[in-house]
Amino acid sequence: MTDNQFSVTSARNGRPTSRHRLLIIAHWSFAVLAALVSSCALPGEEPLPDGMSDNRADLVGHIRDNPNDIDAHADLLRMQIKSGDVEGAMATVSHVLKHNERDFRAHLLDAQFQRWQLNLLGAEAGLRKARDIAPERLEPCVALAGLYNQSYLQREEVRIREIAAGLAPVELRAEFLLDLGLCHWQVRDAERAATLNADDAGIPAAVRARALVMRAEMALGRGGSGDAAGYIRAAFRLDPENTGILQFAARAVTVLDDPAPLGELFDETLAGKDRAELRWTALFGHWMLAVRKAADSDPLAEPVERWRLRLEVMEPGHPDVAVRYLQLLRLRPEREAEAKQLEESLNDYGLGTPPAPDTQAALLALWRAEDALRTGAPSVALATIARLEETQPDLEGLRLMRIMALFVACDFALCLEQIDRWLAESGEADEMLLSTRWVILLRLNRPADVLADIRARELKSNAARWFEAVANFHTYRQR
């Protein structure tokens, strides 16, 4: 498994850093990390993908002779954007618009160029023009919804996704309704999120399974963990080859009040699946089940160790296993030497030292808070963090976890207050905290405050440039 979803890796060496390790708790949730990694493709930043030859000269000649070949224009524009050729890309867009003014696809290419240049107002204008030309086509709606999603315009995104669901052909409508439901759920509108009837046998099984996972998130979010287990099992039955569903189940083990019913999913996977990622995930789920069963006894008892050793055989030194195993070792003073050796190994790989709760109950609570965020249950995370803050006030990472949980829960006022307090105390321009702050201000319809903050801090990072563009976009649209 080279790209397990449990981890966020550093660009430098492919291994999670200590900072990244604290941030992976938001991987399954709508989190501010997306703002950092999807900011914008700036000129000259990205090389051509492997296997893609640079045949721009041939394409230019072909386009000159075939000015109505929009696919060729699209290929050329993609290469120019990848290599940072702004002048060439501008010429390509001008050419395709000149010869194909009444083809909606030409305006989609124009919008792509404008988005790359951080002209979001121009990108929106191009996409609207495409919709006006071809109101019956899905492509302009999908692209426009994506633009609104990236620029934190939730109401506009919902409106366009509703239109897209109406335009979608019968065989795709369920997929689009699920996207609409997920959009509602990201802003914690549970009532409107239940757009798709996951019990309808006419809907494709994979789509129904994803809808059931969303129901499991909702159940966890309101504390109905019993319902959540049932939804996870039903989703697995519909799509047992879906690694994401099994990963959700493995992380839910530490969150559910009674995770035992999930054991059969892991058993069935180990008995009948050959895919390494599925088997590794099932082993991880069984390991977490074993730790929970040993909660009142030895957390390193033989059944617990047996599952960990099977994980170690499959992928030695996997960070998700190594970090949690180190935390378990620290609970046993007589194994201090082994714990130190593992800690040195983690530091060698840039993982840093994980938080060290001093009791078994506190460690399980920490895991519950982390995995509650991964499974979209910020209320569970917040309640667990509050208890940890009372019993383990010096535990590393609790403050950041609370901020992320408040963000995912859409409790923006309190989240903003805590971010501002942290920034004031540190005196540093922490990019992750600032990006979270800017997303909140945009969601609260305060783009002027985002612009003022970026300019006052004189920030020049890619993330700052992206948020400045988004804030300008909000401002112009308000006018």
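Nothing in this text is a laboratory measurement; each read-out follows from the coordinates by a stated rule. Because the structure is predicted, anything quoted here is derived from the model rather than measured. Cβ atoms come from the backbone with ideal geometry, glycine included; neighbour counts cover every protein chain shown.
Mind checking which aspartates and glutamates have their Cα closer than 17 Å to the Cα of K293? Skip sequence neighbours fewer than 8 apart in that chain. Result set, ordered by chain and number: D257, D258, E264, D267, E302, E305. Phi-derived couplings, Karplus 6.51 cos²θ - 1.76 cosθ + 1.60 at θ = phi - 60°, listed residue by residue for the range 425-439: 5, 7, x, 10, 8, 5, 5, 5, 5, 5, 4, 4, 4, 5, 4 Hz, with x used for Gly and Pro. Per residue, the Cα convex hull of the range 223-373 amounts to 111 Å³.
Each peptide in 148-155, 401-408 was scored by the mean count of other Cβ atoms within 10 Å over its residues; highest first, the order is 401-408, 148-155. Bridging of K460 to lysines at a Cα separation below 28 Å is possible for K82, once same-chain residues fewer than 8 apart are set aside. Can you tell me the orientation of helix 319-329 relative to the chain, as the angle in degrees between its alpha-carbon axis and the longest Cα principal axis, to the nearest 10? Its long axis makes an angle of about 20 degrees. Extending 7 Å from the Cα toward the beta-carbon at both R155 and Q341 defines two label points whose distance is 6.2 nm.
Roughly how tilted is helix 86-99, in degrees to the nearest 10 and between 0 and 90, from the longest Cα axis of the chain? Roughly 60 degrees between the two axes. Mean residue ellipticity, 222 nm, helices only, the chain: the sum of -39500 (n - 2.57) across DSSP H runs of n ≥ 4, divided by residue count and rounded to 500, is -21500 deg cm²/dmol. With Cα atoms as the point set, the chain shows a radius of gyration and Dmax of 24.4, 78 Å.
Which is farthest toward the positive dipole end of the chain among V291, I81, A249, measuring Cα position about the Cα centre, with Cβ charges +1 (Lys, Arg) and -1 (Asp, Glu)? Selected residue: I81. Can you give me the angle between helix 104-116 and the longest principal axis of the chain, using Cα atoms only, in degrees from 0 to 90, rounded to the nearest 10? Once rounded, the angle reads 60 degrees.
Let me have the relative contact order for the chain, percent, based on Cα pairs under 8 Å that are six or more residues apart.
Details: 609 pairs, mean separation 74.4, N = 479.
Answer for the chain is 16 percent.
Against the empirical 2.2 N^0.38 Å (N residues), the range 325-479 has a Cα radius of gyration ratio of 1.27. Distance between the pseudo-spin-label points of E191 and K460 (7 Å out from Cα toward the beta carbon): 5.0 nm.
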